[in-house]
1. Sort out which residues of the range 332-356 are crowded, with 19+ Cβ neighbours inside 10 Å, in a helix (DSSP H, G or I) and out of contact with any Gly (no Cβ under 8 Å at 6 or more places or on another chain), and write them in order of number.
2. Looking for whichever is touching a helix residue (DSSP H, G or I) at 6+ places or on another chain (Cβ under 9 Å) and part of a helix (DSSP H, G or I) here; the options are Leu60, Leu41. Which one fits?
3. Considering only residues that are β-branched (Val, Ile, Thr) and in a helix (DSSP H, G or I), look in the range 159-203 and name the one that is nearest to Tyr270 (Cα to Cα).
4. Condition check: part of a strand (DSSP E or B), acidic (Asp, Glu), more than 17 Å from the chain's Cα centre (by Cα) and in the same structural domain as Gln353 (by TED's automatic domain parsing). Does Glu31 satisfy that?
5. Here is a check on your reading of the model: is Thr4 surrounded by fewer than 17 Cβ atoms within 10 Å (Cβ to Cβ), over 18 Å from Leu262 (Cβ atoms) and β-branched (Val, Ile, Thr)?
6. Take the residues in the range 216-227 that are closer than 22 Å to Glu316 by Cβ and of a type outside the set (Ser, Thr, Tyr), then tell me which one is nearest to the chain's Cα centre (by Cα).
7. Can you tell which of Arg99, Arg93 is surrounded by 17 or more Cβ atoms within 10 Å (Cβ to Cβ) and over 15 Å from the mean Cα position of the chain (by Cα)?
Amino acid sequence: MTDTLYIDALPPGVRSSFIDNGNGLSMHVLEAGRAGQPTALLLHGFPELAYSWRKVMPVLADEGYHVIAPDQRGYGLSTGWDADYDGDLASFRFINLLRDILGLLSAMDIERIEMLVGHDFGSFAAAHAALIRPDIFRKVVLMSAPFSGPPPINPQGPTIDIDAALAALDRPRKHYHRYYSTPEANADMHHCPQGVHDFMRAYYHHKSADWQHNRPHTLQAWNADELAKLPTYYVMDLDKNMAETVAPEMPSPGAIDGCMWLPDDELRVYSDTYRQTGFQGGLNWYRCRFVDAFTRELQIFSERTIDVPAMFISGESDWGTYQVPGALEKMESAVCSDYRGTHLIGGAGHWVQQEQPEAVNQLLVDFAP
């Protein structure tokens, strides 16, 4: 059973439970440390799990934290979410994702979070939580995905049809967010020819520091010519799906055997879980960014800043830091009023807390007081 593999793979000191969050979910939650201690909440991204924090949780617990990492809505062993593409997409919008977390904290009798950490799409969930409820979330660490603030009520400048512009390039392209919003994306990955395990191995490798072509840099503007500089896992060839995109980057058997940050038995936790759940739950988070009603809902926070202490961590080889031109600079200068620094870690790509956990843990410990 997938849940047995998932739970049996946890490191010493990390325990697993299921908690009714009062918002329709039975949330699978990993914990370390003792209840009643200052609480750290860790939010994963795509295509990940609470398991992605396995190298962080014991260290924070040793520092005196009660550490919580849930499988978020659409992921892992958490249940109660709608897996149908034509189902309840509204339940995946950021306001309801925050309601998920608040319900979980209430069920656990936790009144405030001393340190909130989010990675990848979990970074956006964490940013919204800190923006909207600073009374609960007292410090925030964003990882791999800079937050440029809530959407403005009156957007400035011309509107660019980036999808048409990318498709019109000499080498026709498409943005992965748009692809992830299509009805076929889940099946493309869930039922791919190479199998879920090999798909995830190639995907994780392609976005890591192990892929030698990950040499990110600042992009000048949100236009097709600049975005075309991104690797194909972000700006894809128009005629390829994601499984086809990453397949040529499958590492050799020797490289897999030598991958110390994600050995095959740990990757198996992900692949067996996603083989059971599919990817649609996580993909629904991407779909929400294309729904005008959900964007308008977030406009009520327009021009609000994150006023609790904030820090950003990413890998030096992570294109996620730069994939939205100007987002990092705006976060540093305008969005976070008590900004404590940008930290780019050598030897890490997108999966920074898994690739270089010692460096990430030290930054978190230093930020904690």
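1. Gln353, Gln354
2. Details: Leu41 fails: part of a helix (DSSP H, G or I).
That would be Leu60, the only listed residue that is touching a helix residue (DSSP H, G or I) at 6+ places or on another chain (Cβ under 9 Å) and part of a helix (DSSP H, G or I).
3. In the first step, residues of the range 159-203 are kept if they are β-branched (Val, Ile, Thr); the result is 159-160, 162, 182, 196.
If we keep only those that are in a helix (DSSP H, G or I) too, we end up with 162, 196.
Details: Ile162: 32, Val196: 9 Å.
Ranking the candidates gives Val196 first.
4. Details: part of a strand (DSSP E or B): yes; acidic (Asp, Glu): yes; more than 17 Å from the chain's Cα centre (by Cα): yes; in the same structural domain as Gln353 (by TED's automatic domain parsing): yes.
When the stated conditions are applied, Glu31 passes them.
5. On the way: surrounded by fewer than 17 Cβ atoms within 10 Å (Cβ to Cβ): yes; over 18 Å from Leu262 (Cβ atoms): yes; β-branched (Val, Ile, Thr): yes.
For Thr4, the condition - surrounded by fewer than 17 Cβ atoms within 10 Å (Cβ to Cβ), over 18 Å from Leu262 (Cβ atoms) and β-branched (Val, Ile, Thr) - is met.
6. Initially, the range 216-227 is screened for residues closer than 22 Å to Glu316 by Cβ, giving 216-220, 226-227.
Now drop any that are not of a type outside the set (Ser, Thr, Tyr), which leaves 216-217, 219-220, 226-227.
Values: Pro216: 18, His217: 20, Leu219: 21, Gln220: 24, Glu226: 23, Leu227: 20 Å.
The selected residue is Pro216.
7. Numbers: Arg93 fails: over 15 Å from the mean Cα position of the chain (by Cα).
Matching residue, one of Arg99, Arg93: Arg99.
Let's see how each residue does on (1) hydroxyl-bearing (Ser, Thr, Tyr); (2) farther than 26 Å from Glu329 by Cα; (3) at pLDDT 95 or above; (4) touching an Asp or Glu at 6+ places or on another chain (Cβ under 9 Å):
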position	(1), (2), (3), (4)
Tyr203	yes, yes, yes, yes
Glu226	no, no, yes, no
Leu230	no, no, yes, no
Lys240	no, yes, yes, no
Pro263	no, yes, yes, yes
Leu267	no, yes, yes, no
Tyr286	yes, no, yes, no
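The values are calculated or read from the model by the stated rules, or taken from the named source; none is laboratory data. Keep in mind the model is a prediction, meaning the values are calculated, not measured. Please note: Cβ atoms are built from the backbone with ideal geometry, for glycine as well, and neighbour counts cover all protein chains shown.
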